[in-house]
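Chemist: For reference, the structure I am asking about is given below.
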């Protein structure tokens, strides 16, 4: 299951998922039942702790959906604890420099690539009841960085030039702030920068990810080469659907 996300992306397939802000294994299980390829457990802006995040990981995997964890920061302990609960991969926010990226790879990968600590008795380690292949873990766990500010844009090519990085997620909302059009993710400045960034990402052999809110945005992102397609957030999907019905009553 872990390998399926990287495999689909390497084959040029588009994959669909959503962000999870609600600390709810039940919501994750429902979303996964709908056939999503992935869900992102948001530990930067969401209120879940690692215990609840672990339950959400299992709720997704029960329906053969690949869970990813966005950690709150580029921190060795946070990344290690997120990986130990057994997700398909991690997203690390606010990567602005080569040093940031080097830290991500060092924290997320076992030797000889990085220096991730190994404990065979966690969920990621199979609870110590099965052989553990460090190289297989390195290869199959998706490692993604998030580019969200001007420094990240300027140094994008250098930041992503590492085999330890599989996917680059562009944070369109933070990008809009950096470009002086806060919240306007459909502003021409944002869309032009997004297109340029995706070209660089794909040319480097990486997959690109972004959030979309409508069919129109979906077509735009697919056309410019975004494969990792994230539809809204669990809270907005629930709110928008009931607001739409409320207006009819």
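Chemist: Per DSSP H run of at least 4 residues, take -39500 (n - 2.57); add these up for the chain, divide by its residues and hand me the 222 nm value, nearest 500 deg cm²/dmol.
Modeler: Helix contribution divided over all residues of the chain: -13000 deg cm²/dmol.
Chemist: Quickly work out the residue 77-to-residue 186 label distance, labels modelled 7 Å from Cα along the C-beta direction, and quote it in nm with one decimal.
Modeler: 4.4
Chemist: How high is the FRET efficiency from residue 26 to residue 195, r the C-beta distance, R0 35 Å, rounded to 0.05?
Modeler: About 0.40, to the nearest 0.05.
Chemist: Would the chain count as rounded, prolate or oblate if I go by the C-alpha gyration tensor, calling it rounded below 1.5 in a/c and otherwise prolate when a/b exceeds b/c, oblate otherwise?
Modeler: Here the chain falls in the oblate category.
Chemist: Taking neighbour Cβ counts within 10 Å as the exposure measure, how do 58, 211 sort from fewest upward?
Modeler: Lowest count first: 58, 211.
Chemist: Continuing with this model, one more query. If you average the alpha carbon positions of the stretch 44-64 and of the stretch 108-162, how far apart do those two centres end up, in angstrom?
Modeler: 19
Chemist: Need the C-alpha centroid separation for the stretch 183-199 versus the stretch 19-35, integer Å.
Modeler: 29
Chemist: Further question: Rank these for me by crowding, 13, 246, going from fewest to most other beta carbons within 10 Å.
Modeler: Least crowded to most crowded, the residues run 246, 13.
Chemist: Simple spin-label model, 7 Å along Cα-to-Cβ: residue 58 to residue 45 in nm?
Modeler: Output for this residue pair reads 2.9 nm.
Chemist: Right, next: Working out 0.36 nm times the residue gap between residue 202 and residue 215, then minus their Cα-Cα distance, what length gain in nm do you get to one decimal?
Modeler: 2.4 nm
Chemist: Under a 10 Å cutoff between Cα atoms, tell me which one of 104, 30, 226 has the largest fluctuation in the Gaussian network model of the chain.
Modeler: 30
Chemist: Using the Cα gyration tensor of the stretch 86-215, with a ≥ b ≥ c the square roots of its eigenvalues, what is the shape: rounded (a/c below 1.5), prolate (a/b larger than b/c) or oblate (neither)?
Modeler: Prolate, since a/c reaches 1.5 and a/b exceeds b/c.
Chemist: FRET efficiency for residue 151 and residue 243, Cβ-Cβ distance as r, R0 = 41 Å, nearest 0.05?
Modeler: It comes out at approximately 0.65.
Chemist: What ranking do 234, 163, 75 get, fewest neighbouring Cβ atoms within 10 angstrom at the top?
Modeler: 163, 75, 234
Read-outs: derived from the displayed coordinates by stated rules, not from any lab. Here the structure is a predicted model, which means the values were calculated and not measured. Every residue, glycine among them, receives a Cβ derived from its backbone with ideal geometry; neighbour counts consider all protein chains shown.
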